[in-house]
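The values are calculated or read from the model by the stated rules, or taken from the named source; none is laboratory data. Remember, predicted model here, so these are calculated numbers, not experimental data. Because the Cβ atoms are built from the backbone with ideal geometry, glycine has one as well, and the counts that use them run over all protein chains shown. When the accessible area is computed, the model is the full protein with side chains, heavy atoms only, and any ligands, DNA or RNA have been set aside. Shrake-Rupley method; radii C 1.70, N 1.55, O 1.52, S 1.80 Å.
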Amino acid sequence: MASLRDIKGRIDSTKKTKQITKAMELVSASKMSKAEQNAKAFVPYSEKIQEVVASIATSNMDASHPMLSKREVKKTGYLVITSDRGLAGAYNSSVLKRLHQTVQENHQSTDEYTVIAIGRMGYDFCRKQGMPVAKSIIGVPDQPNFSEIKELASETVQMYIDEEIDELVIFYNHYVSAISQEVTTTQLLPITNIPHNRSSSQYEYEPSQEQILEVLLPQYAESLIYGALLDGKASEHAARMTAMKSATDNADDLIGDLTLSYNRARQAAITQEITEIIGGVAALE
């Protein structure tokens with residue numbers, strides 16, 4: 001049985017851990033609120049650029065672009081969004097598990113795919129698993145600006161345009177609520193899921209639809225990557241907040257159990273001392 005000093009030490013250590021997890025929970029809650037606002041604020045821009053692209057792509061005019069056309073898939077690009085730090089529950093592991101399963105099911109050789117990693121956890125995982133990493137970015141801020149990932153997004157889209165890859169699939173956690181995040185897999189390129197344009201807006205294009213499309217489609221694809229990153233960041237903070245809340249609750253339970261054990265051990269020690277005193281007195285008589 002542990003001594004009173006050992007139990008007291010564990011209680012003090014668990015209380016200090018609880019203070020840390022509680023602070024991390026509050027910090028993550030604050031970051032989650034801001035990240036959720038960023039993700040929602042980006043939606044109107046994303047919808048508007050999608051509307052313009054759909055207006056051109058679904059018009060009767062003879063506008064076309066390689067990013068809108070499927071081709072034989074010889075090499076697939078996987079863009080995976082993870083965090084730079086752990087302590088976020090299953091946030092990273094669920095995405096990386098889906099990526100690993102997809103690679104195992106669809107590819108026989110590393111020549112058939114490549115990975116673009118956003119976040120240290122995804123980058124390290126791919127390196128350990130021997131997956132080829134074409135591009136990566138580490139240290140993305142908790143509230144990222146587009147300028148901070150523009151180069152990676154632009155280079156990734158250019159890989160498709162240059163036919164280095166024949167399709168681009170993105171893996172990330174979609175933010176549903178503070179307690180729910182869903183692993184999402186979406187084909188980013190080629191762009192084949194543009195909805196039919198139902199907007200009442202009328203557009204006039206200068207100089208031409210083809211030239212506008214040439215500029216707009218890469219920007220649209222880059223905006224999808226940025227939107228997924230914002231969504232993933234909101235999910236990351238929510239997952240970390242939930243994980244830290246669970247850790248704090250577990251610390252409370254452990255402190256309660258240790259306190260009960262401490263009180264029992266102390267009572268047993270007091271009882272033993274009283275018994276020894278009574279026995280000594282009886283022996284003297």
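Some values worked out for this structure:
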{"item": "The chain - accessible surface per residue (Å², probe 1.4 Å)", "result": "56 Å²"}
{"item": "Cut-off 14 Å between beta-carbons: net charge of the residues surrounding residue 246, Lys and Arg +1, Asp and Glu -1", "result": "0"}
{"item": "Cα-based helix-to-principal-axis angle, 150-161 vs the chain, degrees rounded to 10", "result": "50 degrees"}
{"item": "Accessible-area value, residue 206, 1.4 Å probe, nucleic acids and ligands omitted, Å²", "result": "150 Å²"}
{"item": "0 to 90° range, to nearest 10: angle between helix 91-106 axis and the chain longest Cα axis", "result": "50 degrees"}
{"item": "Spherically averaged projected area in nm², based on the convex hull that wraps the Cα atoms of the stretch 124-281", "result": "16.9 nm²"}
{"item": "Environment charge of residue 172, counting only residues whose C-beta is closer than 11 Å and scoring Lys/Arg +1, Asp/Glu -1", "result": "-1"}
{"item": "Carbon plus sulfur fraction of accessible area for the chain, probe 1.4 Å, in percent", "result": "50 percent"}
